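Following: one structure in structure tokens, then a few remarks.
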Amino acid sequence: MITRKFILAALAAAVSIAACGTASAAVWEWRCQGKVGDQQLIFNRDSMAIIDGETKLGDIAKNEAKITTALEEAGTNYDPGDANEGLAPTLEFTSHDDQKHKVVLTEKSSVRVSHRARTVACRDETTDISRKVYSFQRDSEAPREITLQCLNYQLSTKGGRKGCN
């Protein structure tokens with residue numbers, strides 16, 4: 001026997017589902033680049049590599065493709081411990097090929113170099129560029145300080161704003 005409460009609950013659920021608009025996925029990107037001695041350290045939320053040479057990566061705000069390509073071409077890559085923690089105070093990367101090899105970055109200081117926030121097609125877009133000093137420790141090597149230029153980019157969903165469906 002179908003009760004009145006059941007019918008009301010089903011109707012409320014149907015109305016809730018019908019009222020939901022289309023969802024837009026949010027975007028969160030972060031990446032850093034800098035020198036470790038005569039090598040370069042580059043990473044994004046998916047991978048980290050230490051590469052030889054003087055590869056010119058250019059402006060951190062415009063070089064997503066260059067960093068992605070350099071990471072794909074690097075011989076030894078490291079995987080982030082948690083890609084969803086962003087530029088956390090401590091970042092740990094484990095060698096993709098050998099789980100015994102790790103790189104740990106511990107933030108010592110951070111200075112925001114630029115900040116941009118705007119609304120784009122009913123979505124909030126925020127871009128922060130920072131200069132960060134980290135303690136860099138690879139495997140059992142002694143820690144040393146390195147300076148990285150980092151970008152943190154976020155683009156929100158429409159979030160139910162009026163007039164944005």
### Query
Separation between the CYS122 and ASP139 pseudo-spin-labels, each 7 Å from Cα along Cα→Cβ, expressed in nm?
5.4 nm
### Query
On the accessible surface of the range 29-165, probed at 1.4 Å, how many percent belong to carbon and sulfur atoms?
45 percent
### DSSP-assigned coil residues among trypsin sites (Lys or Arg not before Pro) in the range 84-165, each with at most 10 further Cβ atoms within 10 Å
LYS100, LYS162
### Task
Compute the accessible area per residue over the range 60-165, keeping the other protein chains in place, probe 1.4 Å, unit Å².
61 Å²
### Query
Do any GluC sites (Glu not before Pro) in the range 72-160 lie in a loop, going by DSSP, with at most 16 other beta-carbon atoms within 10 Å of their beta carbon, and if so which?
GLU85, GLU141
### Query
Rounded to the nearest 0.05, what FRET efficiency is calculated for THR90 and THR68 with R0 set to 22 Å and r the Cβ-Cβ distance?
0.35
## Note on the structure
In nm, the gap between the two label points placed 7 Å beyond Cα toward Cβ at THR157 and LYS100 is 4.5 nm
### Query
Over 26 Å between Cα atoms, which of LYS102/LYS132; LYS35/LYS108; LYS66/LYS100; LYS66/LYS102; LYS62/LYS162 qualify?
LYS66/LYS100; LYS62/LYS162
### Query
Modelled label-to-label distance, ARG112 and ALA61, 7 Å Cα→beta-carbon offset: nm?
1.4 nm
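The values are calculated or read from the model by the stated rules, or taken from the named source; none is laboratory data. Note that the structure is a prediction, hence the values are computed from the model and not measured. Note: ideal-geometry Cβ built from the backbone for every residue, glycine included; neighbour counts use all protein chains shown. Side chains are part of the model used for accessible areas, which takes the heavy atoms of the whole protein and leaves out ligands, DNA and RNA. Shrake-Rupley method; radii C 1.70, N 1.55, O 1.52, S 1.80 Å.
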